[in-house]
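Okay, so here's the structure we're looking at.
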Amino acid sequence: MFPESLESSVPPLRAAVIAVGLVLIGATPVQALSTPAITVEQGRTQPVFSYADAIREHVYVESSVDSDANGQLDRVRVDIIRPNQSGPGLKVPAIIDESPYYDNSGRGNETEHKVYDPAGNLAKFPLYYDNYFVPRGYAVLNVDMIGTTKSDGCPDVGGRADVLGGKAVIDWLNGRATAYHADGTQAFADWSTGKAGMIGKSYDGTLANAVAATGVKGLETIVPISAISSWYKYQRSNGVVYNYDYMSYLASLVDTDPAAKCAAVRAELDAQDGDDTGNYSPFWAERDYIDGTLGDVRGVRASVFAVHTVNDMNVKPDHFSTWWDALAKQGVPRKIWVGQYQHVDPFDFEGRRDVWVDTLHAWFDYWLLGVRNDVMREPRADVQVGPTEWITQRDWPVSEASGQVFRPAADGTLGLVQAGKGETVAFTDIRQSENAMVANVGTIQPGRVAFTTGELARDLRLSGTPIVNLRVALDKPTANLTALLVDFGDDSRIDWRRGQGITTLAEESCHGEASATDDGCYRKVVTNMVTRPLEIVARGWIDVQNRDSLSQSSPLAPGAYGEVEWETLPQDYTFKQGHRLGLVIAGTDSTYSGETATGATVTVDLQRSKVRIPLVLGAEPALTDGDVMARRGRWIGPGEIELPVPDNRLF
């Protein structure tokens, strides 16, 4: 199903086309070719097709859904740009960016919108994919998600309409669906090889994940960037609700039609979302692409090049980590970039723009055209470890990372030794910000308990997902719990909370060819840096009544102890020598949750409580208590500082 070499992946006809290109490039200058063909040099397709003269057209693909219940199947608007020579005699693959944002929030760091010419075709395609890839022998399709821009229907935020609209486009490219021109005549993709790749950031990348999970034939690869893999995880964490009535809000945001048109769909979203319990339900199962009812990871036929950042507090990093693990279990060919910014496209990672474009080029060449290159022989993971510093490794997280158990003690220390029998601490589930939770950690506060190591004797790299395990008793049926892993120590860090972690400059760089209306040039960026005495490294939340099941609430009998285990968000972070590692346990997190605090008193049995942190120790000996030992007694730590709440836009 997943080719690993050119010999097994390239049909004879396509291999012949590439071979012809190689012969031509060796015998004749590119500029002299009267009839360009797809041409390859040094493992990359070459820009031999004119961008200015490319064919620009649009069609309406008939989907299998009637999301606005008007008695007609929704049609999906597809804007196409492809080489002038493409057609029955020269078939080309398609790169697809399906989006709900083309006429509202826009795309990319510069919020570009679709711009139409008098004939109704696009004069400007947002982003650089068209400028770069069309000259190299690709078609680029900008698809309006159902219910948005010029497509019919109503958005249903990750459900059937969202997913099956994109699937219909892949089906049309392969002759399995019908499309029409604006004049009503049938449109045929006689220029298509049938092979397609989907790419996009945020909601766009989410659609790529979703369509891949249907198992549609012809979708050869996806490049999901900061993408959702489960809408439950996007709006919930173990029963804790991030936002209320969010699904209907987002549906309204991306739909620029009159409000009455899709009011019934939005009302149904509110009725089915289960905000009152926070539980997983059939509503969320339809919107789960790992193990859902509409699609799941077992159906994925496409290779996956995932990009995400560990500080993305919009599409939180558990979306990529759980998706990544599930893909690995299915043997899906995959590659990953793991960054340190907030909700940022890799095109805007400082110092990585050229590397990104070249890697993406190699990826599409390999999977859509069968070009021989090294993209699948390179290390699987690229990981950011500084503002412009990246390392490569065999996989993510680091396979050598092993779970190191840290244990809290009643005196506020965090070490490797288990607390004594009967040692407990208690706090009240109140609603407070993360700033308040981590301030003055050595002082007794009614709304949290905190534990810190001594000054670390060596660097400790976290790579993966920490797990918190507490034995607690409540005086009410449930409580919201927050766990924070904190790095205490003055340091200069990427300021991902401000401006997504980047500042946009005036200077531009250009990638691809230009027309009079679309130049493919974009402003450069630099990384925002800040010096602070602490950083919240990992965070996780749970509603105690969901400790055993996400689908069913199970209140804890007041006064009885119960085990509560949950994962924090994943991270890749180095606690430096001389810093302190802290664990804070608190109630309702007002920074990221819309929940009302329960007011419950939470008693923690310290002997039976721990946090397991995946640490990369390398060739060094196992961690000892001497590496992390704190003096008996409480270390006070820095007072409350202002940690800005990041911009959590979904585009």
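The values are calculated or read from the model by the stated rules, or taken from the named source; none is laboratory data. Model, not experiment: these values are computed from the prediction. Neighbour counts run over all protein chains shown; Cβ positions are idealised from the backbone, glycine included.
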Check: Looking only at residues in the stretch 580-603 that are in contact with a Ser or Thr (Cβ under 9 Å, 6 or more places away or on another chain) and more than 26 Å from Thr424 (Cα to Cα), which one is surrounded by the fewest Cβ atoms within 10 Å (Cβ to Cβ)?
Finding: Thr591
Next item on the list: Report whether or not Pro558 is more than 19 Å from Ser237 (Cα to Cα), touching a strand residue (DSSP E or B) at 6+ places or on another chain (Cβ under 8 Å) and modelled with pLDDT of 95 or more.
Entry: yes
Next item on the list: Consider only pairs whose beta carbons are under 8 Å apart and that are at least six residues apart or on different chains; among these, list those whose first residue lies in the stretch 362-389 and is touching a residue at least 24 places away in the same chain (Cβ under 8 Å) and among the basic types (Lys, Arg) and whose second residue is surrounded by 18 or more Cβ atoms within 10 Å (Cβ to Cβ) and assigned to a loop (DSSP other than H, G, I, E, B).
Entry: Arg380/Trp396
Notebook entry, point to check: Of all helices (runs of 4 or more DSSP H) completely enclosed by the stretch 188-267, which ones contain at least 1 residues that are of a type in the set (D, E, K, R), in contact (Cβ under 8 Å) with a residue 24 or more places away in the chain and touching a strand residue (DSSP E or B) at 6+ places or on another chain (Cβ under 8 Å)?
Noted result: 203-213
Next item on the list: Could you give me the residue pairs with C-beta distances under 8 Å whose first residue belongs to the stretch 525-554 and is under 26 Å from Asp345 (Cβ atoms), whose second residue is assigned to a helix (DSSP H, G or I) and of a type in the set (Asp, Glu) wherever it lies, and which are 6+ apart or on separate chains?
Entry: Val525/Asp348; Ile536/Glu434; Arg539/Glu434
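Yes/no matrix, rows are residues, columns are (1) hydroxyl-bearing (Ser, Thr, Tyr); (2) closer than 30 Å to Ala260 by Cβ; (3) within 21 Å of the chain's Cα centre (by Cα):
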{"residue": "Gly71", "(1), (2), (3)": "no, yes, no"}
{"residue": "Asp74", "(1), (2), (3)": "no, yes, no"}
{"residue": "Val92", "(1), (2), (3)": "no, no, no"}
{"residue": "Ile96", "(1), (2), (3)": "no, no, yes"}
{"residue": "Asp103", "(1), (2), (3)": "no, yes, no"}
{"residue": "Tyr129", "(1), (2), (3)": "yes, no, yes"}
{"residue": "Val134", "(1), (2), (3)": "no, no, no"}
Item checked: Tabulated pairs, the stretch 561-579, first in contact (Cβ under 8 Å) with a residue 24 or more places away in the chain and surrounded by fewer than 16 Cβ atoms within 10 Å (Cβ to Cβ), second part of a loop (DSSP other than H, G, I, E, B) and basic (Lys, Arg), C-beta under 6 angstrom, 6+ apart or interchain -> Gln577/Arg458
Item checked: Matching residues, the stretch 367-410, being within 21 Å of Thr221 (Cα to Cα), in contact with a strand residue (DSSP E or B) (Cβ under 7 Å, 6 or more places away or on another chain) and among the small types (Gly, Ala, Ser) -> Ala381
Next item on the list: Only residues in the stretch 413-430 that are free of Cβ contacts under 8 Å to residues at least 12 places away in the same chain count as the first member; pair them with residues that are among the charged types (D, E, K, R) and surrounded by 19 or more Cβ atoms within 10 Å (Cβ to Cβ), Cβ under 9 angstrom, at least 6 apart or cross-chain, and list the lot.
Entry: none
Margin query: Here is a check on your reading of the model: is Phe364 buried (at least 23 other Cβ atoms within 10 Å of the Cβ), over 20 Å from Pro93 (Cα atoms) and either among the aliphatic types (A, V, I, L, M) or touching a strand residue (DSSP E or B) at 6+ places or on another chain (Cβ under 7 Å) (or both)?
Written below: no
Checklist line | Enumerated strands (runs of 3 or more DSSP E) restricted to the stretch 445-515, each holding at least 2 residues that are in contact (Cβ under 8 Å) with a residue 12 or more places away in the chain, assigned by TED's automatic domain parsing to the domain that holds Thr413 and surrounded by 18 or more Cβ atoms within 10 Å (Cβ to Cβ) | finding: 448-452, 460-464, 467-474, 480-494
Check: Any residue in the stretch 617-635 that is at pLDDT 95 or above and buried (at least 18 other Cβ atoms within 10 Å of the Cβ)?
Finding: no
Margin query: Given the criteria assigned to a strand (DSSP E or B) and surrounded by 23 or more Cβ atoms within 10 Å (Cβ to Cβ), does Ile536 qualify?
Written below: no
Check: Filter the stretch 401-412 for residues that are crowded, with 18+ Cβ neighbours inside 10 Å and modelled with pLDDT of 95 or more; which is farthest from Gly633 (Cα to Cα)?
Finding: Gln404
Next item on the list: Look at the stretch 248-258 and say how many of its residues are touching a Ser or Thr at 6+ places or on another chain (Cβ under 7 Å) and not charged (D, E, K, R).
Entry: 1
Next item on the list: Considering each of Trp337, Trp284 in turn, give the residue that is over 17 Å from the mean Cα position of the chain (by Cα) and among the aromatic types (Phe, Trp, Tyr).
Entry: Trp284
Note to self: Could you go through the stretch 32-40 and let me know if any residue there is at pLDDT below 50 and either surrounded by fewer than 19 Cβ atoms within 10 Å (Cβ to Cβ) or assigned by TED's automatic domain parsing to the domain that holds Tyr138 (or both).
What the structure shows: yes
Notebook entry, point to check: Counting just the residues of the stretch 304-327 that are touching a residue at least 24 places away in the same chain (Cβ under 8 Å) and over 24 Å from Asp348 (Cβ atoms), which one comes out surrounded by the most Cβ atoms within 10 Å (Cβ to Cβ)?
Noted result: Leu327
Next item on the list: Could you list all residues from the stretch 126-154 that are in a loop (DSSP other than H, G, I, E, B) and under 30 Å from Arg44 (Cα atoms)?
Entry: Pro126, Leu127, Tyr128, Gly137, Tyr138
Next item on the list: Residues that are within 21 Å of Ala251 (Cα to Cα): find the strands (runs of 3 or more DSSP E) completely inside the stretch 69-125 holding 3 or more of those.
Entry: 75-82, 92-99
Next item on the list: Please enumerate the residues belonging to the stretch 249-278 that are farther than 13 Å from Glu595 by Cα and either among the β-branched types (Val, Ile, Thr) or crowded, with 20+ Cβ neighbours inside 10 Å (or both).
Entry: Leu250, Ala251, Val254, Asp255, Thr256, Cys262, Val265, Arg266, Leu269, Asp273
